Structures are given as structure tokens and as C-alpha cells.
Amino acid sequence: MAKKNKTKKQAPHKKQIQEDKDNLEEVLTEEQKNTLNTEDNVEVEACEDDKTLLEKQITELKDKHLRLFSEFDNFRKRTTKERIELFKSAHQDLMLDLLPVIDDFDRAMQSFENSEDATAIKEGVALIYNKFKSTLEKKGLKCMDSKEKEFDTDFHEAITEIPAPTKDLKSKVVDVVEKGYTLNDKVIRYAKVVVGK
């Protein structure tokens, strides 16, 4: 019987321990839930902060991209406009240098009306021609010397072939029909020539 009393006394005690254990689990579970909720809230806030930061960076990058695109577009338009203006005024220097030659021609035309001396008129025209030629040479224009030179398709355009008057003129330029010109060592007009065969 004594054993039964001990068992009965222990049973309520075990029951109390079990209840305390359950209460402790409930309390721990509530605390853990609160801790987890707090941790979740912190993570959510951190994610929202990251999201806000990323959205800000995206906005800044879009703005930067738009500004760069606009700047490049403005640069392209400006260079196109400058290029057009350059083409329009590219020959301005040449024209300014040719104006004195035109003035000389005007004076020569006036003197033709008053003068009957043919040699003076020839000398005046020769002076104007030399002035005109030297002005063009200053700008890089050079006349090709083609007569009796070896025929070269890089500089000459053959109009016709004729029998060579001498053996030395075979495959050479016999006559120049139209002079060729280079501008700064680039052919701008091929010499039209007659070639000996």
C-alpha cells in the first residue's frame, strides 16, 4: 500500500511537470514566433530597402543612358552641320585667290577695246595666264608632262593608237590631246593621249 501512495503522489507531480513543459513549449513557441516575426520583418524591411536602392540605381542608369544618348545625338548633328558648312566654304580660299585673276581679265578686256597693238594684248594675256597658273599651282594643282613618256594607265587615257614614228616611241605617248592634272599628287583628270605601236 505504501507503494500505491507513492505512485499516487508522483502522478500529480508528473502531471504538473508535463503541464509546465507544455506551457514552456507554448511560451517558447510564442517567443520564437515573435522572434521569427521580428526576423521576418527585418528581412522584409531589408528586402524593401534593397528594392528601393535597386529602383533608385535603375532610375539613375536610365537617366544617365538618356543623357548620353542625347549628348551623342547632339554631337552627331553638330558634326553634320559643321561638315556641310565646310563643304560649302571649302573652295572659299581658292575663290579668293582667283579674284585678282578675274580682275586682271576685266582690265585686259577694257584694254582690248582701246588698244590695237596685238603684241601688247598677247603679253597681257600671257601675264594673266601665268598668274592664273601659279595661283592654281600654289593650291597643289600640277600639270602632267606626258609627251614621249611610257604609257601608264594610272595617268593616261589612250584615245587611239598610231604607228610609232620612231622605234623609241613604241608603247610611248606620241601626242597629248588633252593635258592631265594632279591635285596634291592625286589624279583629278587623266591625260588623253595618242600611243605609238
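No lab work stands behind these numbers, since they all come straight from the coordinates. Bear in mind that the values here come from a model prediction, so they are computed numbers and not experimental data. Ideal geometry is used to build each Cβ from the backbone, glycine not excepted, and the neighbour counts take in all protein chains shown.
Just list whichever of Lys138/Lys172; Lys81/Lys133; Lys133/Lys172; Lys149/Lys179; Lys139/Lys186 have alpha carbons separated by over 22 Å in the model shown.
Details: Lys138/Lys172 30 Å; Lys81/Lys133 34 Å; Lys133/Lys172 27 Å; Lys149/Lys179 13 Å; Lys139/Lys186 13 Å.
Beyond 22 Å between Cα atoms: Lys138/Lys172; Lys81/Lys133; Lys133/Lys172.
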Between Gln92 and Val187, what's the calculated FRET efficiency when r is the beta-carbon distance and R0 is 25 Å? Round to 0.05. 0.55
Using per-residue counts of other Cβ atoms within 10 Å, averaged over each peptide, order 80-86, 144-150 from highest down. 144-150, 80-86
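Percent relative contact order of the range 73-197, based on C-alpha pairs within less than 8 angstrom and at least six residues apart?
Once normalised by length, the contact order is 21 percent.
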Convert each backbone phi in the range 120-128 into a coupling constant with the Karplus relation 6.51 cos²θ - 1.76 cosθ + 1.60 (shift: θ = phi - 60°), then list the ³J(HN,Hα) values in order as whole Hz, x for Gly and Pro. 5, 5, 4, 5, x, 5, 5, 5, 5
Please list, in order along the range 143-154, the HN-Hα scalar couplings obtained from phi with the Karplus expression 6.51 cos²θ - 1.76 cosθ + 1.60 (θ = phi - 60°), rounded to whole Hz, x for Gly and Pro. 8, 7, 9, 10, 4, 6, 9, 4, 5, 9, 5, 6
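Please work out how much length the chain gains when fully extended from Ala158 to Lys131, using 0.36 nm per residue of separation minus the C-alpha to C-alpha distance, in nm with one decimal.
6.6 nm
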With a Förster distance of 45 angstrom and the Cβ-Cβ distance between Phe75 and Asn114, calculated FRET efficiency to the nearest 0.05 equals 0.15
Computed Kirkwood radius, in angstrom, where 1/r is averaged over Cα pairs of the range 54-197: 20.7 Å
The Cα extents of the range 139-197 along the principal axes, largest first and rounded to whole Å, are 38, 18, 15
Could you work out the relative contact order of the range 124-189, using alpha carbon pairs under 8 angstrom and six or more residues apart, expressed as a whole percent? 41 percent
Semi-axes of the equivalent ellipsoid for the range 68-138, please: Cα gyration tensor eigenvalues, times 5, square-rooted, ordered largest first, whole Å. 47, 11, 5
